[in-house]
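Please read the structure below before turning to the comments.
The values are calculated or read from the model by the stated rules, or taken from the named source; none is laboratory data. Values in this document were obtained by computation on a predicted structure and should not be read as measured data. Here the Cβ is made from the backbone with ideal geometry for all residues, glycine too, and neighbour counts use every protein chain on show.
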Amino acid sequence: MTSSIRIGLIGDYQSTSETHRATDSALRHAAARLGLPLDVTWLPTASLDPLPNGILDTYDALWCAPGSPYQSMSGALNAIRWAREHELPFLGTCAGFQHMVIEYARHVLLISDAQHAEYGITTGPLVVTPLSCSLAGHTLEIRVDPESRAGHIYQQRQIQEHYYCTFGLDRAYQALLHDAGLRVVGLDQDGDARIVELPEHQFFMGTLFVPQCRSTMELPHPLIVAYLDAAARVHASRPRNDTPLSG
């Protein structure tokens with residue numbers, strides 16, 4: 001494989017953001033482990049609302065990065081929905097997790113006005129709400145369903161991961177999402193959702209924690225290696241007349 005794997009990062013990039021720098025670095029770690037050339041482009045959320053025709057077609061995978069509130073919540077949701085409906089590998093971390101559950105609630109559960117409390121909207125059901133205790137800066141234990149994709153990747157039932165967030169999936173919607181197909185496969189000690197995935201999708205996963213911040217060149221994070229491997233499979237299935245992306 002000579003052409004680069006194309007990753008689109010959904011988010012409003014800030015060079016001062018620790019999680020944004022870690023996202024770029026973690027992708028490089030995984031690419032080095034897999035021996036893959038990589039082309040990474042940040043996609044500002046405002047550029048995705050409305051979603052320009054064909055803008056996502058050349059990417060091999062999408063990742064919704066931390067950093068909410070986004071400049072355009074609708075732009076982030078548009079791209080997440082596109083990845084879900086087009087079977088494109090997708091990873092959402094921290095705010096990415098929060099927005100993927102909003103997208104699923106709106107378009108699968110048909111809660112059309114599902115909202116995220118961080119945006120200050122007081123009308124409509126709040127599917128993402130403030131955590132009772134902020135997780136920002138904490139490394140905590142998570143129980144992983146061993147039969148899930150996440151469980152197969154980790155090969156552990158108990159993991160520890162680092163958080164930056166103060167918002168999460170409201171417990172009132174957790175079972176609804178799970179029963180509708182967005183499976184809750186990672187739980188904290190109180191039974192709150194920390195990892196979600198679509199089992200029938202080739203790779204569609206969200207983590208409330210930020211795995212990229214634990215990745216190193218020597219020890220790439222296994223979730224990110226698995227995500228990039230799924231992107232490589234998509235890339236390998238494409239016609240070889242792709243033209244390089246700019247930017």
Candidates Thr93, Thr58, filtered to the one that is under 30 Å from Gln158 (Cα atoms), touching a strand residue (DSSP E or B) at 6+ places or on another chain (Cβ under 7 Å) and of a type in the set (Ser, Thr, Tyr): Thr93
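Applying the selection to the range 175-229, what residues are of a type in the set (Ser, Thr, Tyr), buried (at least 22 other Cβ atoms within 10 Å of the Cβ) and in a loop (DSSP other than H, G, I, E, B)?
The answer is Ser215, and nothing else.
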Number of the condition not met by Thr23 [criteria: (1) crowded, with 24+ Cβ neighbours inside 10 Å; (2) among the polar types (S, T, N, Q); (3) in a loop (DSSP other than H, G, I, E, B)]: (3)
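Out of curiosity, is Ser68 more than 25 Å from Arg233 (Cα to Cα), modelled with pLDDT under 95 and not basic (Lys, Arg)? Outline the logic, then answer.
On the way: more than 25 Å from Arg233 (Cα to Cα): yes; modelled with pLDDT under 95: yes; not basic (Lys, Arg): yes.
Yes, satisfied.
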Given (1) part of a helix (DSSP H, G or I); (2) surrounded by fewer than 24 Cβ atoms within 10 Å (Cβ to Cβ); (3) among the polar types (S, T, N, Q), number of the condition Thr122 does not satisfy: (1)
The range 131-165 - residue that is farther than 18 Å from Gln212 by Cα and modelled with pLDDT under 95 and, of those, surrounded by the most Cβ atoms within 10 Å (Cβ to Cβ): Leu131
Selection from the range 66-83 of residues that are farther than 18 Å from Arg21 by Cα and either aromatic (Phe, Trp, Tyr) or without any contact (Cβ under 8 Å) to a residue 24 or more places away in the chain (or both): Trp82
Those residues of the range 82-126 which are closer than 30 Å to Ala236 by Cβ and among the basic types (Lys, Arg), in sequence order: Arg84
Subset of the range 1-20 (residues that are of a type in the set (D, E, K, R) and not in a loop (DSSP other than H, G, I, E, B)): Arg6, Glu18
Residue pairs meeting the criteria (Cβ under 9 Å; at least 6 apart or on separate chains; first within 15 Å of Asp145 (Cβ to Cβ), in the range 170-183; second surrounded by 14 or more Cβ atoms within 10 Å (Cβ to Cβ) and among the acidic types (Asp, Glu)): Gln174/Asp192; Leu182/Glu197; Arg183/Asp145; Arg183/Glu197
Only listed residue being closer than 29 Å to Leu177 by Cα, in contact with a strand residue (DSSP E or B) (Cβ under 9 Å, 6 or more places away or on another chain) and not small (Gly, Ala, Ser), chosen from Arg81, Arg28, Arg106: Arg106
